[in-house]
Amino acid sequence: MFLINCPYCGERDQSEFTAGGEAHIVRPKQPTELSDDQWAEFLFMRKNIKGVQLERWNHSHGCRKWFNMVRDTSNDRIHAVYKMGQKPPIE
Amino acid sequence: MLNFNNPVIDTKEYSEIRISKTEPILKMNLRGKNRDFITKIGKELSIITPVDPNTSASNEKLNLLWLSPDEWLLYSNHMIDLKDANFLDDKLFNEISKKKLGSVTNVSDHWIMINLNGKKVFELLSAGCPYNFNNFKNSKGAVTQTLFNHIDVIIHNKNVNDLNLFVRRSFSEHLFLWMNDAASRI
Ligand SMILES: [Zn+2]
């Protein structure tokens, strides 16, 4: 169990949140012009880094808003939390 | 036809905890993003719309709870015959939904309001909530949405040791029974 700082509600227990996978994956502008491999790349392929990763999270049992998080997957340290549409605060 | 039958929830008293259902209560979900929407609901309801997270505003008749940056829950302070409450429903619908400022949904049958009262209410909540009530306890009007025994709830700090808890109808009887079990052991 660890705490997550929702950008809208403040610090809450992790059990109130749902993880939404890797952040900042851009949907291709013309899906019809892609090959099956390229489309599969967009749909399914994720980095799954051991270390600092940019992720999407949803405060599903609170305000139900989506936001982004910079989390170290090896020790669950949260480096930053930022709203949807904002640039990641660190490299 | 809408089903206005309520789940079986009686008033139960334990040492320093009283659990009671207060229904029927009018409840409305209000959603909108822009400034016009926020000032409009304030005007229609004579309440200053709470925009700070986890807060609420009240007058003699109504309470308006912040749920999210673009979502509020409105509920009546007193029991109300829901058939007579249409005026508010219509008024808000005409002024907000029809004018495309936001959306208004009557959720009176969606949520069940359970009142928790007594010195040990926070001990009861601690038995099943992952939320830290330390600051909530001392701030009148505070609102939180959290889990209670794994069930989504909205909790409104109405007064000192006097809370209104909202739970979805289909979960309400189960949560009520669970709370009775927990309260009997505190
Ligand atoms: Zn939140």
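Counting, for every residue in B:123-130, the Cβ atoms of other protein chains within 10 Å of its Cβ and taking the mean gives 1. Between the Cα long axis of helix B:169-183 and the first principal axis of chain B there is an angle of about 30°, rounded to the nearest 10. Just checking the listed ones, B:Met79, B:Met28, B:Met113: in the Gaussian network model of chain B with Cα springs under 10 Å, the one fluctuating most is B:Met79.
Applying 1/(1 + (r/R0)^6) with r as the Cβ-Cβ distance of A:Lys83 and A:Leu34 and R0 = 22 angstrom yields a FRET efficiency of 0.15. Result for chain A in a Gaussian network model with C-alpha springs under 10 Å: among A:Phe17, A:Phe67, A:Phe44, the largest mean-square fluctuation is at A:Phe44. For B:Lys137, the lysines whose Cα comes closer than 18 Å to its Cα, not counting residues fewer than 8 places off in the same chain, are B:Lys119, B:Lys120, B:Lys158. Counting Cβ atoms of other protein chains within 10 Å of each residue's Cβ and taking the mean over peptide B:138-145 gives 2.
Over all residues in A:4-11, what is the mean tally of Cβ atoms on other chains that come within 10 Å of each residue's Cβ? Don't skip to the end; give the middle numbers.
On the way: counts 0, 0, 1, 2, 5, 10, 5, 2.
Taking all residues of A:4-11 together, the mean is 3.
With kT/(6 pi eta Rh) evaluated at 20 °C and eta = 1.002 mPa s, and Rh the Kirkwood radius from Cα pairs, the protein assembly as shown diffuses with a coefficient of 103 µm²/s according to Stokes-Einstein. Each semi-axis of the equivalent ellipsoid for chain A is √(5λ) with λ an eigenvalue of the Cα gyration tensor; in descending order they amount to 27, 15, 12 Å.
The angle separating the long axis of helix B:35-45 from the principal Cα axis of greatest extent in chain B is about 70 degrees. Bridgeable lysines around B:Lys91 (alpha carbons under 23 Å apart, same-chain partners fewer than 8 residues away excluded): B:Lys27, B:Lys33, B:Lys40, B:Lys43, B:Lys61, B:Lys83, B:Lys99, B:Lys100.
Taken over the alpha carbons of chain B as equal point scatterers, the Debye sum produces base-10 log I(q)/I(0) values at 0.20 Å⁻¹ of -1.43.
Classify the range A:38-91 as rounded, prolate or oblate from the Cα gyration tensor: take a ≥ b ≥ c as the square roots of its eigenvalues, call it rounded if a/c is under 1.5, otherwise prolate when a/b beats b/c and oblate if not. Oblate is the answer for the range A:38-91, as a/c is 1.5 or above yet b/c matches or exceeds a/b. The modelled label-to-label distance between B:Glu173 and B:Asp52, using points 7 Å beyond Cα along the C-beta direction, is 4.1 nm. Looking at chain B as a GNM with Cα springs under 10 Å, which of B:Ile25, B:Ile38, B:Ile80 has the largest mean-square fluctuation? Among B:Ile25, B:Ile38, B:Ile80, the largest mean-square fluctuation in the Gaussian network model of chain B belongs to B:Ile80.
From the square roots a ≥ b ≥ c of the eigenvalues of the alpha-carbon gyration tensor of the range B:27-107, which class results: rounded (a/c under 1.5), prolate (a/b over b/c), or oblate? Oblate shape, in that a/c is at least 1.5 and b/c is the bigger or equal ratio. Partnerless cysteines in the protein assembly as shown, where a partner means another cysteine C-beta under 4.7 angstrom, comprise A:Cys63, B:Cys129.
Please check which bits of the range A:62-90 a label hung off A:Tyr8 would reach, taking the label as a point 7 Å along Cα-to-C-beta and the cut-off as backbone N under 13 Å. Residues A:62-68, A:83-84 qualify, since their backbone N sits under 13 Å from the label point. In a simple Cβ point-charge model (Lys, Arg +1; Asp, Glu -1; nothing else charged), chain A has a dipole of about 280 debye relative to its Cα centre.
Under the criterion of Cα pairs below 8 Å and six or more residues apart, the relative contact order for the range A:3-83 equals 31 percent.
Entry note, chain B: the mean residue ellipticity at 222 nm calculated from DSSP H runs of n ≥ 4, each adding -39500 (n - 2.57), is -6500 deg cm²/dmol after division by the residues and rounding to the nearest 500.
Laboratory data are not the source of any read-out in this text; all were calculated from the coordinates shown. Remember, it's a predicted structure, so these values are computed and weren't measured experimentally. Cβ sites come from the backbone with ideal geometry, for glycine too, and all protein chains shown count toward neighbours.
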